[in-house]
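The block underneath contains the structure these notes are about, expressed in structure tokens.
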Amino acid sequence: MAAPCRKMASRSFSQLLCYFSRTAVGSGACRRFSVTSIDRATPRASTAADRATSPWSLMAAVCLQRLPVITADCSPIEQRFKQMLQQMELEKSMLSDHELRLMEDAERMSRRQADDYDSDEDLGDQEIMMTQDLEDSWEQRLKNFQPAPRVRADIDEDLTSVQRCLADSLVLLAEQQVGAEKLWLLPQAAWQEGETLRQTAERALNSVTAAGVKATFLGNAPCGVYKYKLPKAARTENSVGVKVFFFKAILADGTPGSAPTASLLWLKKGELQKYLKPAYMMNVGRFILNL
């Protein structure tokens, strides 16, 4: 029994398949095996020359936002709620060190006016006067303090200033040449071979602002995409339209470069529709947060 097994093991796999097909498979009860080469069965990978180039041009844009610098004004209901919380905190809070010191000074003054007052207990008038002088100095500093104005009409009306509307979030728009006309858009640039889309967005931001602008990009993946077809007169077989991928960024430095290379506007979300086309605004408005 061992000799036939040794002979079977010495044969190749293809010879075994042929052996079974000539013997037991001839009855039709068993399925025939195919000895086709695996290399011929698998499809060949397509080469780069076989793949057609995409008729869509790629661009990357950056949505640069300046976050609010000061808190927004409270609404009437927020103001009432704030006063209620302050009253609850005042009623449940413990006395401060200064309030305890004032109570001790008042008690000392009442003992001094009593008939059984012992002069040895007097620690001097300096401590009592120091407490009162401290309150007077605080009141004087409060009178001299002048808070900065929250609303500055001259700066708020300047759409090119990043210091406008400090209580709102602003978005940067740049005037760029698109075909034969100039449009207000988010800063964008065409993708170049060898760079990532985020690198293209960073280059777009540097191309419209001066050097030294510090912006923090929120991730490497785009937050939105907008595509449009070129006019029929400008379409070709290899160029049908443009796909724009948007990246979000936060202005890290509150004072961008003083010498921008393009016309810039800092606008609130509600002001964008005056400068952007409706289709573009519909796509952009999905990822712009009115913080």
* Points 7 angstrom from Cα along the Cβ direction at residue 109 and residue 152: gap in nanometres? -> 4.5 nm
* Could you tell me which of rounded, prolate or oblate describes the range 153-197, using a ≥ b ≥ c as the square roots of the eigenvalues of the alpha-carbon gyration tensor, with rounded for a/c under 1.5 and, failing that, prolate when a/b is larger than b/c and oblate otherwise? => oblate
* Backbone N within the range 213-248 under 13 Å of label point (7 Å from residue 190 Cα along the Cβ vector) -> 239-243
* Cα→Cβ-extended label distance, 7 Å offset, between residue 143 and residue 243, nm -> 7.0 nm
* Asked: Cα atoms only, the range 185-243: Rg and Dmax in Å?
  -> 14.0, 41
* When we measure straight from the Cα of residue 269, which lysines land under 20 angstrom away, once same-chain ones fewer than 8 places off are left out? -> 248, 277
* To do: Please list, in chain and number order, the residues 5+ apart from residue 227 or on another chain whose amide H is under 5 Å from its amide H, with Hs placed from the backbone.
  => 244
* Amide proton proximity set for residue 57, modelled H, under 5 Å, gap of 5+ -> 240, 241, 242, 243
* What is the spin-label model distance, in nm, from residue 199 to residue 214 if the labels are put 7 Å beyond Cα along the C-beta direction? -> 2.5 nm
* How do the peptides 198-209, 263-274 rank, highest first, by the average count of neighbouring beta carbon atoms within 10 Å per residue? -> 198-209, 263-274
* Structure fact -> Log entry: pair-distance distribution for the range 150-291, C-alpha pairs binned every 5 Å from zero, whole % per bin is 2, 8, 16, 22, 22, 16, 7, 4, 2, 1, 0, 0
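Values in this text are rule-based calculations from the coordinates and carry no lab data. Only a predicted model underlies this, so the values are computations on that prediction, with no experimental measurement involved. Cβ sites come from the backbone with ideal geometry, for glycine too, and all protein chains shown count toward neighbours.
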